Every structure is written in structure tokens, then in C-alpha cells.
1. Any chance region 207-214 includes a residue that's touching an Asp or Glu at 6+ places or on another chain (Cβ under 9 Å), surrounded by 16 or more Cβ atoms within 10 Å (Cβ to Cβ) and within 26 Å of V45 (Cα to Cα)?
2. So in region 21-30, with the set limited to residues that are touching a residue at least 40 places away in the same chain (Cβ under 8 Å) and surrounded by fewer than 21 Cβ atoms within 10 Å (Cβ to Cβ), which one is nearest to P112 (Cα to Cα)?
3. Name the pairs whose Cβ atoms lie under 6 Å apart, with the first residue in region 178-207 and farther than 20 Å from G265 by Cα, the second open to solvent by 50 Å² or more (accessible area, probe 1.4 Å), and 6 or more positions between them or separate chains?
4. Within region 1-20, how many residues turn out to be acidic (D, E) and either within 15 Å of G63 (Cα to Cα) or crowded, with 18+ Cβ neighbours inside 10 Å (or both)?
5. For region 185-192, check the following and say yes or no: at least one residue is in a loop (DSSP other than H, G, I, E, B) and under 25 Å from the mean Cα position of the chain (by Cα).
6. Kindly indicate whether any position in region 31-43 is surrounded by fewer than 23 Cβ atoms within 10 Å (Cβ to Cβ) and farther than 17 Å from L252 by Cα.
7. When only residues in region 111-165 that are of a type in the set (G, A, S) and buried (at least 23 other Cβ atoms within 10 Å of the Cβ) count, which is nearest to A26 (Cα to Cα)?
8. Answer with yes or no whether A105 is of a type in the set (G, A, S), in contact with a His (Cβ under 9 Å, 6 or more places away or on another chain) and surrounded by 18 or more Cβ atoms within 10 Å (Cβ to Cβ).
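The values are calculated or read from the model by the stated rules, or taken from the named source; none is laboratory data. All values derive from a computational prediction rather than experimental measurement. Neighbour counts are summed over all protein chains in view; Cβ atoms, including those assigned to glycine, are modelled from backbone coordinates with ideal geometry. To get the accessible areas, we keep the full protein, side chains included, count just its heavy atoms, and leave off ligands, DNA and RNA. Shrake-Rupley method; radii C 1.70, N 1.55, O 1.52, S 1.80 Å.
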Amino acid sequence: MTAVTARLAEGVASIAAADWDACAGADNPFVGHAFLAALEASGSVGGRSGWRPLPLVIDGADGRPVAVAPAYLKQHSQGEYVFDHGWADAWARAGGSYYPKLQVAAPFSPVPGPRLLLRDEGSAPALIAALEAVTDQHGLSSAHATFVSPEQVPAFEAAGWLIRQGTQFHWRNDGYASFDDFLGALASRKRKAIRKERAGAVEGLTIRHLTGAAIEDRHWDAFWRFYQDTGSRKWGRPYLTRGFFPLLGQALGERVLLILAERDGVPIAGALNLIGADTLYGRYWGCSEDVPFLHFELCYYQAIDAAIARGLATVEAGAQGEHKLARGYLPTATWSAHYLPDPGFRRAVADFLAREQAAVAHERDYMAELAPFRRGGG
């Protein structure tokens, strides 16, 4: 391999948006300059968050980046959705310090996508080697690339990184012209159940889809209240700050879809989505009033409506959630890659992953058999 020089930058915002996006592309908003820079500008990463942004950059002969990786020095394992707390405990019991570690990710976003952002496709091995060098030279316990797109898994595997599998539930658009068209692909009992859920969830409510300039500060105020409620119940405190949401709206405009449920003109629940090239990404949800099945309506069914209307191929509605299966979201493999310099630690984790992978694959196959589609359809 030809010798290359890589550098660590102090944040994505320190790199020109055009240069970053020339590597990241426009398909997946979670690795774009706008999303990552909004996290930094809002204080959601950096400071005392435990996420220090240190993007890794390889510059080309023209002085512009040919490869970048959205890398962070992590002081904990929160906000990643690929759980390695057991690894941290084992390393600590062996007398080591697991943190800080190097994390290549879209923070707080369990969204599969590229983690090696390449203007020059041939730069992938050099970028992976640079991630290893940073880990080794700074005495870090490990480096992790989470929710790696399937196309990039072989590059990490070829470099000797350990590969870990997970499962999410994604909805796929089989050329549906409408939600009723989608329902027609389901077994009769499932079809009736979903119609009943939808009718009950929206009774007395108005559902609004807002994008771009239609999302006003009052809407972000309402959504912030919803997001805080969900965060306080799930992980103790919200990962994102209040300032992040309007920054995201300003930067991404029509690619932000906010779905609100209103009662008598007052928002009582909301779901925030980002629109990619062929995918609708459901991200954050919350409510101020508990309404049966409203979570399913805003996060899953309204997302399907929006995807069909836009001709999108997929809806990704976040991490985990076996309850999505009955609503037409199918089990889908996700991937992460892990570099562990210590040979003994690597052997132990490799053994764990071999056993875990067999169990995950078996469970995914089992759940696929429970899909709600008519036999021979879906």
C-alpha cells in the first residue's frame, strides 16, 4: 500500500461543507456535513457530552479530502445502540481502561450507512489503516464502526476487523400505490388489526406532515417537550439539545419531515423523520398525552404513507422493536466492525461474536417466518 498521511480535524465544522459532502455523497443525511455540524453547533456532541468529534481526513493531491471518517473519541458507550458494556467490564476486570475508545458513527442514530466516506473509492484500505494507527498510537482500547452499510463490511473484514451482526425492522415498498395497496399484501387478520389500530389512534385528532419552512419554532418547542419526555423515560436525559432541531431544520429544509398529532389545534405527539435518496428514516418520537396505538400510527403507518407518496423504497424506523414485525416491518441484518489491538482481548470477543452471530441469525430467520404478509406475497 502506498504511504498516505492522515490527519485528525477538530470537528466536522472545521472542514468545508462542499469538501465533506464530496466524500459523503447526498444519499444518507446522517453522514452529511449538515447533520454532523448541527450536532457540534448545538452542543449535542463535544464539551462534556463524552463525544469528542475528531473526524479522520486523508487529503488528496489537490489539497481536498479524498476520504473522511466521522470519528469520535468516546468516554462511554451511550448513544451508540450497539452494546459493548460487557466488553468494557471485561477489559476493566483485566486491569485495562476501555475508555476512551474511537467510535466511527452517526451519533445517536442507529442508521445503517457508509462509515468510510470516499471521494476516491480506492482510499478505503488507507482510511481503515489510519483508524487503526490512531487507535494504536494513542493507546486506545479499541475502535468501532457501527451500523456500517453492507457494501462496506467487506473492506473492514479484509482489514481483519471483527464483524458483529444485529437486527432491525425495515419496511420495504413493493411498488405500492397506496397504504391500502400495502394492506392488500397482508394476511386478512393482520389487515383488519391494522385498520382498527389506525382508526382508534387518530380518533379526534388531526395529523399534519410538515417540512421545510412550514416547521415553525412553535412546532420545535412542542417536539422538544415530546423528545424530553421520551428521553427521560428511556435513557435518563436527552442526548440532543433544544438548539439542534431548528439547526437541522434550517440546514436540511425539505429533507426534514415532522409528523404531528394535534387535538383541538394543540400538538400532543410527534415523530421526526429525515428523507434520504430512497429511504425515509424515522428518528425521534414523543408525546404529552398517552393515546393507544398513536406511537404506531405516527412512527410506522404515517411513515409508510409518506414513503409511498414520495416513491421511497424503504422506511427505517430505528433500533430494535419486534412489535414492528406485525406492522409490516421485516427483520433486516445490520453490521458493525471492531478493531481490538490486544490479541487476548480480540480472541475473547471473537469467540463471543461467533456464538452471538449464530443466535442472532437464527432469531432473525424465525421472526421472518412470522411476517404478516400473505403466503407468496410481501
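1. The answer is yes; a qualifying residue exists.
2. D27
3. L183/R191; A185/G378; A187/R374; E197/F293
4. 1
5. Going residue by residue through region 185-192, those that are in a loop (DSSP other than H, G, I, E, B) are 185, 187.
Those still in the list that are under 25 Å from the mean Cα position of the chain (by Cα) too: none.
Checking region 185-192: not a single residue is in a loop (DSSP other than H, G, I, E, B) and under 25 Å from the mean Cα position of the chain (by Cα).
6. Yes: one or more hits.
7. Residue satisfying both the conditions and the ranking: G113.
8. yes
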